[in-house]
Amino acid sequence: MVNLKTKIGELILKNPIMPASGTFSEDLAEVLDLNKLGAHVTKTITEEKRCGNPSPRVCEVSGSMLNSIGIPSKGIEYFIDTVIPFYSQYNVPLIVSISAQTSDGFARICERVSVPGVDAIEVNISCPNIEEDGKAFAMRPSTTQSVMTKLRSATDLPLWAKLSPNTGETIEVAMAAEESGADALVVSNTMLSMAIDIHSRKPKLGNLMGGLSGPSLKPIALRMAYQCAKSVSIPIIGCGGISTVEDIIEYLIAGATAIQVGTATFINPNAMVTLLADLENFLQKQNIQNISDLIGSVRDEDATDDVVFMETAP
Amino acid sequence: MTIQQLPNIENASPATKNIYEVDTFVKSNTAITEEYRLLILEAPKTILNCQPGQFFHLQCPVTRSHQPYLRRPMSIYSYSQQDCELQFLFKVTGEGTQALSELKNGDTLNVLGPLGVGFSIEPEWENLLLLARGVGLATLAPLAQEANRLGKKLTAICSARSPNALMSIDYFKDMGADVITITDTEGTSTLDNMRHIIELKISQGAVDVMYTCGSNRMLKLLQEIGNLHSLPGEIALEQQMACGLGMCQCCVRSFNRCGVITQERVCREGPVFKIQEAMPW
């Protein structure tokens with residue numbers, strides 16, 4: 001029997017597999033047993049009610065997808081009255097993803113969702129749709145620091161900062177989040193992308209641009225997870241393009257302590273449960289007793305001295 | 001042939017689980033008109049407890065020439081627990097349906113469902129009127145079957161480009177429907193003629209409720225007629241989907257609920273909505 005337990009700070013997860021925000025809701029309970037998951041991560045909520053972006057909100061690109069859902073939200077009251085009680089039925093940590101347009105707005109919603117039944121807060125400072133031209137807090141270390149500092153004083157719950165691939169300063173942003181009190185980093189959100197219909201010449205998304213997710217994103221998010229694991233001492237939660245057990249192992253070796261499965265659930269709603277069984281089998285076959293033996297075990301010591309360490313571009 | 005079920009069916013969390021992700025097997029896949037194909041699948045009984053108007057989310061095969069990534073939602077054309085059979089009627093339009101059209105007998109097709117809220121038939125509705133065109137007829141076919149089972153009287157107005165393109169006429173007749181065909185080439189499919197036919201049926205007392213599918217033109221017509229005669233109605237709507245389960249919020253449309261514009265998920269709150277709440281697009 002292998003030990004799948006993993007720790008994100010003080011929070012113990014029975015296994016390292018959890019959903020990525022925005023690809024999970026109460027509805028999935030009709031397909032699989034939500035008790036099997038390592039944690040539950042909600043779709044990002046905002047304080048106010050929001051409609052989300054115009055249609056089409058999703059399009060496919062080869063082997064992956066783009067989305068510009070936006071953040072439709074029924075508002076904080078609905079969330080506290082309905083969503084939190086739903087997840088309280090399960091013996092699984094609940095991670096609430098929050099967003100806002102300003103640092104003060106972030107602090108307000110953070111305080112309001114710091115209620116019993118919530119085990120950690122994932123801070124969506126990286127959603128590429130919410131602000132004009134896809135700009136987000138997580139694009140720069142300074143804005144990351146200012147929002148995380150405000151959030152830190154707004155709650156005692158663990159804060160997970162969800163980083164963005166839409167930055168040239170991954171390491172600086174990661175370190176800024178750690179310095180200003182983040183308890184873990186989720187690496188990463190979707191990458192700002194575009195697709196155009198060549199016949200109508202119209203962008204395929206109503207919002208013109210949107211976030212790339214699915215297998216195409218994996219090498220980028222994996223690189224970021226590796227960079228972050230090398231640069232900070234708080235846990236990394238790998239997220240981006242995971243659809244097979246090999247993807248999970250790769251993230252763990254790169255330094256992730258847990259992982260999130262997103263777009264794969266859209267293709268196979270049972271993906272997380274299937275991956276859990278696959279992970280157990282893989283570890284058994286490899287005779288690995290604890291997943292902690294894999295975490296950060298990447299063999300990068302042979303890299304030559306002239307490797308430009310962790311630059312964005314080669 | 002034996003049916004393989006994914007292990008999740010047995011290991012289900014029993015409280016809420018009633019949507020299944022399973023492999024089915026192709027029994028046949030044939031062209032029935034120039035544009036439309038009929039796909040017949042052998043499916044486990046468990047997933048065939050369906051309502052007319054519900055849909056399945058199909059994982060279209062990836063082939064050398066077609067690489068669909070997301071699943072494709074498709075309304076059920078026919079289902080039978082007794083025969084372990086699930087049927088879809090589809091038009092080949094893009095990457096997903098092209099890939100589906102290449103499925104051979106015995107091939108596996110992974111399906112997710114049954115999904116969504118289907119049509120309702122209230123006990124007091126004795127005379128049902130169906131109005132649809134093209135693939136919309138496929139969506140209304142299980143409704144005709146259910147109406148027949150309940151002993152309801154049925155009028156089916158079937159529209160197509162030409163008499164050759166008309167589909168499922170015999171199917172609706174077998175369900176005891178009074179079938180009226182209208183076509184573009186015969187000049188009978190105009191809005192005015194549709195209105196005339198429906199008004200005539202109403203004057204004969206042959207309409208307690210109206211059902212339609214997909215088309216903006218037909219929606220507006222039935223909204224007008226429904227308002228005029230205080231007749232209820234239901235429409236099955238389409239929208240592009242990603243997850244099909246309600247998680248991703250991709251498939252929302254606007255609805256008018258008692259004067260308030262709301263955003264509803266076609267996959268979850270729908271695909272069937274009240275005609276007077278649907279908003280023309």
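Here, each number is a calculation from the coordinates, and none is a lab measurement. For clarity, every value in this text was computed on a predicted model and none was experimentally measured. Cβ placement follows ideal geometry from the backbone for every residue including glycine, while neighbour counts extend to all protein chains displayed.
Numbers below:
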quantity: Percent breakdown of C-alpha pair distances by 5 Å bin, ordered from the shortest bin, for the stretch A:56-132; calculated: 3, 12, 21, 21, 16, 14, 9, 4, 0
quantity: Under 19 Å from the A:GLU246 label point (7 Å along Cα→beta-carbon), backbone N, the stretch A:266-282; calculated: A:268, A:271-272, A:274-282
quantity: Extent along principal axes [Cα atoms of the stretch B:18-115; Å; largest to smallest]; calculated: 34, 27, 25
quantity: In Hz, Karplus ³J(HN,Hα) per residue of the stretch A:262-278 (6.51, -1.76, 1.60; θ = phi - 60°; x = Gly, Pro); calculated: x, 4, 4, 5, 5, 7, 10, x, 7, 3, 5, 5, 4, 5, 4, 5, 4
quantity: Trypsin sites (Lys or Arg not before Pro) lying in DSSP loop within the stretch B:30-90, provided at most 15 other Cβ fall within 10 Å; calculated: B:ARG64
quantity: Tail beyond 18 Å, pair distance distribution of the stretch B:127-238 (Cα, percent); calculated: 44
quantity: Relative contact order of the stretch A:46-98, pairs being alpha-carbon contacts under 8 Å that are 6 or more residues apart, as %; calculated: 37
quantity: C-alpha long axis of helix B:216-229 to longest principal axis of chain B, angle in °; calculated: 50
quantity: Relative packing of peptides A:102-113, B:52-63, A:82-93 - highest average C-beta neighbours within 10 Å first; calculated: B:52-63, A:102-113, A:82-93
quantity: Candidates per chymotrypsin sites (Phe, Trp or Tyr not before Pro) in the stretch A:214-311, loop by DSSP, up to 13 other Cβ within 10 Å; calculated: A:PHE309
quantity: Kirkwood hydrodynamic radius of chain B, Cα pairs, Å; calculated: 19.5
quantity: Quotient of C-alpha Rg and 2.2 N^0.38 Å, computed over the stretch A:6-293; calculated: 0.93
quantity: J(HN,Hα) series, the stretch A:80-92, from Karplus relation 6.51 cos²θ - 1.76 cosθ + 1.60, nearest Hz, glycine and proline x; calculated: 5, 6, 10, 6, 4, x, 4, 6, 5, 5, 9, 8, 9
quantity: Length gained when the stretch B:HIS229-B:ARG217 is fully extended (0.36 nm per residue, less Cα-Cα span); calculated: 2.5 nm
quantity: Using alpha-carbon coordinates, inclination of helix B:136-149 to the longest axis of chain B, degrees; calculated: 80
quantity: Residue among B:GLU124, B:GLU199, B:GLU95 with the largest mean-square fluctuation in a Gaussian network model of chain B, springs linking Cα atoms under 10 Å; calculated: B:GLU124
quantity: Over the protein assembly as shown: Kirkwood hydrodynamic radius from C-alpha pairwise inverse distances, Å; calculated: 25.7
quantity: DSSP-defined antiparallel bridges as percent of all bridges, chain B, nearest 5; calculated: 65
quantity: Fraction of antiparallel bridges per DSSP, the protein assembly as shown only, in percent to nearest 5; calculated: 55
quantity: Cβ neighbours within 10 Å from other chains - mean over A:258-269; calculated: 4
quantity: Test item: A:23-36 mean partner chain Cβ contacts at 10 Å; calculated: 6
quantity: log₁₀ of I(q)/I(0) at q = 0.13, 0.24, 0.26, 0.28 Å⁻¹ - the stretch A:1-73, Debye sum with one point per alpha carbon; calculated: -0.58, -1.12, -1.16, -1.21
quantity: Estimated FRET transfer efficiency when R0 is 60 angstrom, pair B:SER120-A:GLU179 (beta carbons, to 0.05); calculated: 0.55
quantity: Candidates per trypsin sites (Lys or Arg not before Pro) in the stretch A:157-255, loop by DSSP, up to 10 other Cβ within 10 Å; calculated: A:ARG201
quantity: Modelled FRET efficiency - R0 35 Å, B:THR181 with B:ARG257, Cβ distances, 0.05 increments; calculated: 0.50
quantity: Counting DSSP beta bridges with both ends in chain A, the antiparallel % (nearest 5); calculated: 40
quantity: Most mobile of A:GLN101, A:GLN227, A:GLN260 in a GNM of chain A (Cα contacts under 10 Å); calculated: A:GLN101
quantity: Separation between Cα centres of the stretch A:50-99 and the stretch A:147-176, rounded to whole Å; calculated: 20
quantity: Contact order relative to length of chain A, as percent, for alpha carbon pairs under 8 angstrom and 6 or more apart; calculated: 19
quantity: Calculated FRET value between A:ASN91 and A:SER114, using beta carbons and R₀ = 25 Å, to 0.05; calculated: 0.75
